[in-house]
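Shown next, in structure tokens, is the structure this report addresses.
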Amino acid sequence: MEFCKTHLLKVQEENLYRKPVRYRFLDAVHVELEGKTYLSLSTNNYLGLTHSSAVQQAAIDAIFHYGTGSGGARLTTGSHPLYQELEEELAAFKKTEAAVVFNAGYMANVGVISALVGRGDIIFSDELNHASIIDGCCLSRAHRVVYRHGNIDDLAEKLKNTPCSGRRLIVTDGVFSMDGDIAPLNEIAALGETYEAMIMVDDAHAVGILGRGGCGTTDHFGLQGRIHIQMGTLSKSLASEGGYVAGSQVLIDYLINKARSFIFSTALSPATVGAAHGALLELQNHPELVETVLQNAQYVREALASAGVPVEGSITPILPIMVGEAARAVEMVALLKDEGLLVSAIRPPTVPSGSSRLRLTISAAHDRKELAKAVESIIAVSRRVKLSCKKDVKR
Ligand SMILES: *Cc1c(COP(=O)(O)O)cnc(C)c1O
């Protein structure tokens, strides 16, 4: 096992060593850590629904009605009644014919991509797509063509110059998880139609954020019926865990019969499915949550940018502060922690080398006064480490 030790020493030297930290959430955005209370600016709990009493009650009710575990895979004995409710609700929310739930967003991507394409087919994939999409591409054994991030000209050229006698799939994050920008899905859809490619969007960070009522990137661009595969997760805005795919009935029936990560894993527990269903209902009953998270994000983005902090992203609540070197990102995280703020340092291999960053995520559950104080601290720390303007950061 010497190679394990060698690897760990190497990542330690590179400031890339990681370990799970014991977090105790007191509510959606406050955390107790080592006996102190912090404000978290790094949770994907965009709407704060993990601590909604209605959502918590849905999980509790699910346990009382159906027990703690599902006891089987979806196609054997694990499809408890809450699954049907959730899948029907998801399809209605996404305005598609049908939807199917997977055990994680990761498993949805891996299962869907490997079910749809294989040897002799080609996947066109944005260079900043999530790791689970990349792993799905590898598992599928299809040829993968990577296009430059959000670059339609590059995608068009690659579609044109890559002959294919099999199937084509274009896959992209809707909102990029580490960058917070939005894929040009309207242009991607048009290209897909020209080249007869299937189009798949990963809406992990778009649901609860973009589109009417927070229903995602497809609606944001008005592309109903033109995006074949809308994947998403139940683990971010929807305050639970699991993944899903929404699309045509034939797609969903196909995936149920073909996607190995769907077939060969025990179904989610009733509490998990019940919580996701409860959160989806809360989102639909409280569309103002979407407004709140967007406004909170806009407030923080503008306050940081006007102070010269190199904050990127778009209208979404993912705000990357580009730092460059991993060591400096780690230093900033420590300084912010002294100020009572929890922020994640995103380092290689999650992002390309030299593009380490702080990734702020803003929630509807954040209080404006606390955000204002956090902004002051971030500005002060940025000045202390002499964080310079955007041009110095290698991307
Ligand atoms: C989080 C995430 C996933 C994985 O979803 P899980 O439910 O956490 O497994 C997939 N794609 C993107 C873009 C994500 O951010």
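Length, then width, then depth: along the principal axes, the Cα atoms of segment 64-209 run 56, 34, 27 Å. Take 213-222, 88-97, 26-35 and order them by the average number of nearby Cβ atoms within 10 Å per residue, most first; the result is 213-222, 88-97, 26-35. Here the 3J(HN,Hα) profile of segment 231-240, calculated from phi with Karplus coefficients 6.51, -1.76 and 1.60 at θ = phi - 60°, is 9, x, 10, 9, 9, 10, 4, 8, 6, 9 Hz, Gly and Pro shown as x. Packing around the peptides 355-362, 320-327, 10-17, taken as the average count of other Cβ atoms within 10 Å per residue, puts them in this order, highest first: 355-362, 320-327, 10-17.
For segment 270-395, what does the alpha-carbon gyration tensor say about shape, rounded, prolate or oblate, given a ≥ b ≥ c as the root eigenvalues, a/c under 1.5 as rounded, and a/b over b/c as prolate? Before the final figure, lay out the partial values.
Details: a/c = 2.11, a/b = 1.67, b/c = 1.26.
It comes out prolate by the Cα gyration axes.
Between GLN84, HIS228, ALA327, the Cα set farthest toward the positive side of the dipole of the chain (charges on each charged residue's Cβ, about the Cα centre) is that of ALA327.
If you count the DSSP beta bridges with both ends in the chain, what percent of them are antiparallel, to the nearest 5?
55 percent
When only Cα pairs below 8 angstrom with a gap of at least 6 residues are kept, the chain shows a relative contact order of 22 percent. According to the square roots a ≥ b ≥ c of the eigenvalues of the Cα gyration tensor, what is the shape class of segment 1-115, taking rounded for a/c under 1.5, prolate for a/b larger than b/c otherwise, and oblate for the remainder? Judged from the Cα gyration tensor, segment 1-115 comes out oblate (a/c at least 1.5, b/c at or above a/b).
Taking other C-beta atoms within 10 angstrom as a stand-in for reagent exposure, MET332, MET1 fall in the order MET1, MET332, fewest first. For segment 146-297, the percent of C-alpha pairs falling in each 5 Å distance bin, counted from 0 to the bin holding the largest distance, reads 2, 8, 16, 20, 19, 16, 10, 6, 2, 1.
Per residue, the average separation of C-alpha pairs within less than 8 Å and at least 6 apart gives segment 54-285 a relative contact order of 32 percent. A straight chain from ALA372 to CYS4 at 0.36 nm per residue would run longer than the Cα-Cα distance by 128.1 nm.
Please give the Cα centre distance for segment 135-164 versus segment 241-257, rounded to the nearest Å. Centre-to-centre (Cα) distance: 23 Å. Per-residue ellipticity at 222 nm from helix content only, as computed over the chain with -39500 (n - 2.57) for each DSSP H run of at least four residues, stands at -13000 deg cm²/dmol. Extension gain for ALA73-VAL385 works out to 107.2 nm (0.36 nm per residue, less the C-alpha to C-alpha distance). Near the amide H of ALA73, within less than 5 Å, lie the amide hydrogens of GLY78, ALA267, all on another chain or at least 5 residues away, with H placed in the peptide plane. The percentage of C-alpha pairs in the chain whose separation is greater than 30 Å is 42%. From the alpha carbon centroid of segment 1-39 to that of segment 310-365 is 15 Å. Under the convention that each Lys and Arg Cβ holds +1 and each Asp and Glu Cβ holds -1, the size of the dipole of the chain around its Cα centre is about 1100 debye.
Among 142-150, 378-386, how do they line up by average Cβ neighbours within 10 Å per residue, starting with the highest?
Details: 142-150: 18.6, 378-386: 16.3.
Highest to lowest by the protection proxy: 142-150, 378-386.
If you put +1 on each Lys and Arg Cβ and -1 on each Asp and Glu Cβ, how big is the dipole of segment 54-285 around its Cα centre, in Debye rounded to 20? For this selection, approximately 640 debye.
Since every read-out is calculated from the coordinates, none of them should be taken as a lab result. The structure displayed is predicted, hence computed values, not measured ones. A quick note on method: Cβ atoms are made from the backbone with ideal geometry, for glycine too, and the neighbour counts reach across all protein chains shown.
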